[in-house]
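The block underneath contains the structure these notes are about, expressed in structure tokens.
We did not get these values from a lab; they are worked out from the coordinates using the rules stated. As the structure is a computational prediction, the values presented were derived from the model and not from experiment. Cβ placement follows ideal geometry from the backbone for every residue including glycine, while neighbour counts extend to all protein chains displayed.
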Amino acid sequence: MIVETIISSISDDDIVNFAPMGLHISDMDYERVGQSPAGSICLRLYPGSQTYANLLATGQGVVNFTNNVLLFVDTALYSSCPSHTPSLKVCPPSMEQAHTIWEFSVTHVDSSCVPALVEGKIEYCENRGGVTGFCRGQWAVLEAAIAATRWQLLPPAKIIQSWPMWLELVKKTGGTREFEAFMKIGSFLAEKGIMVPGILSGTIKQEL
Ligand SMILES: Cc1cc2nc3c(=O)[nH]c(=O)nc-3n(C[C@H](O)[C@H](O)[C@H](O)COP(=O)(O)O)c2cc1C
């Protein structure tokens, strides 16, 4: 399965970076996210991301598990650097708000395929508590955020068509954080010339 996480990494000149990436994980490791996973990680990274460049250059990273979708949007679309704390075994720090972190070192990179395959060994795992249940609005924010990161590749009509369904879920089931995150995706798309319904008119209200 693939679990959406935020990866912290660091460049050769010590600049810290955070970006959402899907973690490919076995059913068994998923059951043990907060305990003691089997020991390896697998990411599929498209060329061009800072995360990919950093993992190649410095060979270390941290998988940050969180349900905070605003952090996904801010790091994916607005290059935000959330508050972080030093790691124990690797140079990149972990995200303060992560409920679980896995520090890892890169063991293998296959850049002959796209997306490239990056594998790593888990060096340290910490469960900080705070896992929450499912929220359909969070799912909708993640879907919209992924689409927004691919705005140059996807036909705009595809995003515009899906928008009302995502919006309905966010309005009905999300909290203020999900709503804020979703609006930020809309603003990002508008800046790129993709006008999703209701964003510029400001007519959207949350149903809390
Ligand atoms: C939920 C989510 C999951 C993502 N998963 C991946 C992924 O598995 N691989 C990838 O290359 N990009 C993925 N992306 C896109 C990157 O996060 C995006 O390109 C980001 O801007 C890269 O940032 P960076 O250049 O700072 O590394 C994902 C985006 C989101 C919102």
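Assigning unit charges at the beta carbon (Lys, Arg +1; Asp, Glu -1) and nothing else, what dipole magnitude in debye, to the nearest 20, does the chain show about its Cα centre? Dipole size: approximately 620 debye. Of the residues THR149, GLY198, ASN64, the one whose Cα sits farthest toward the positive end of the charge dipole of region 61-208, with +1 on the Cβ of Lys and Arg and -1 on the Cβ of Asp and Glu, is GLY198. Per-residue Cβ neighbour counts within 10 Å put LEU23, LEU88 in the sequence LEU88, LEU23, beginning with the fewest.
The charge dipole of region 136-191, taken about the Cα centre with unit charges on the Cβ atoms of Lys, Arg (+1) and Asp, Glu (-1), comes to about 100 debye, rounded to the nearest 20.
Given Cα positions, please report Rg to Rh for the chain, the hydrodynamic radius being the Kirkwood one. A ratio of 0.98. Cα extents for region 104-208 along the principal axes, largest to smallest and rounded to whole angstrom: 49, 37, 19.
Here the Karplus relation 6.51 cos²θ - 1.76 cosθ + 1.60, evaluated at θ = phi - 60°, turns the backbone of region 3-13 into coupling constants of 10, 7, 9, 10, 9, 9, 8, 9, 8, 3, 9 Hz, with x for every Gly and Pro. Considered as an equivalent ellipsoid built on the Cα gyration tensor, region 35-98 has semi-axes of 18, 17, 13 Å, the largest given first. Annotation note: GluC sites (Glu not before Pro) in region 119-183 located in DSSP loop regions with a Cβ neighbour count of at most 15 within 10 Å are absent. By the beta-carbon count within 10 Å of each Cβ, the least crowded to most crowded order of HIS99, HIS108, fewest first, is HIS108, HIS99. Taking the longest Cα principal axis of the chain as reference, the axis of helix 136-149 is set at about 80 degrees.
Sorting THR85, THR75, THR58 on the 10 Å Cβ count, fewest up front, what's the list? The partial results should precede the final answer.
Working: THR85 12, THR75 23, THR58 18.
Ranked by crowding around the Cβ, least crowded first: THR85, THR58, THR75.
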